[in-house]
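Okay, structure first, notes after.
Derivation of every value follows stated rules applied to the coordinates shown; laboratory data play no part. Just so we're clear, the structure is a prediction, and the values are computed from it rather than from any experiment. Reconstructed Cβ throughout: ideal geometry from the backbone, glycine too, with neighbour counts over all protein chains shown.
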Amino acid sequence: MTNREVLDTSFYDRDPRRVAVDLLGCILVHETPAGVTSGIVVETEAYRPEDPACHAYKGPTMRNRNIFGRPGIAYVYLSYGIHKLLNAVCEEEGVGSAVLIRALRPLEGQDLMRERRGRKGDLCNGPGRLTQALGVELVLDGSSLTHGGIYLTRGEPLQGEIISTTRIGISRGTELPWRYLVEGERDVSVRPRAIFERGLKRGGPVPT
């Protein structure tokens, strides 16, 4: 495991909107037999149990049971039968909230990322792309993000203004401005159409 400071359970045991902002600039690392890949988190989305777009909204099932798990574990699911999406579970066990990692700025192992993606560009600018690039599979659902081969470490604050905008790729809860990114960051999945809040800070209050 890297010598960088790995985020511990207490980091995730909070409102996912706060965690989503604080994850910007952190580094997602996946150590596999094929090699180490990593990237800086540049885009996130928060999901809470009262949110109709959240998988916890209708209660626990076998498919979504890990979103109700302890804070600091991975919730990995298959989207539209194609893409594996990686979420960090937040708040105390039984609540059902998480942060979706939407985009990364590639760091280590870019040759391996290109091999996995089968292309030279667009390696991590989307939640399905980044999991493919980092080799994240469904078997990681329920695994620890604090002790193991996949983890997040503290990174430097990103240069630029953190903003909130509406989430994408969902059909319900589309009005909630719970997608967070740095304005002008080239590796985000989709540019924001409307900006709801500016000047968000890591370590600040819970966004609206």
Report summary line: So residue 147 and residue 120, fully extended at 0.36 nm per residue minus their Cα-Cα distance, gain in nm 6.6 nm
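Treating only the Cβ atoms of Lys and Arg (+1) and Asp and Glu (-1) as charged, compute the dipole magnitude of the stretch 9-197 about its Cα centre; round to the nearest 20 debye.
Values: 24 positive and 24 negative charges, 124 e Å.
Using Cβ point charges on Lys, Arg, Asp and Glu, the stretch 9-197 gives about 600 debye.
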Report summary line: Among 102, 186, 129, the residue with the largest mean-square fluctuation in a Gaussian network model of the chain built from Cα contacts under 10 Å is 186
Report summary line: Of the convex hull drawn through the C-alpha atoms of the stretch 57-178, the volume per residue in Å³ is 137 Å³
Query raised in the report: Under a straight-distance cross-link criterion of Cα-Cα below 25 Å, which lysines are reachable from residue 58, leaving out those fewer than 8 residues away in the same chain?
Result: 84
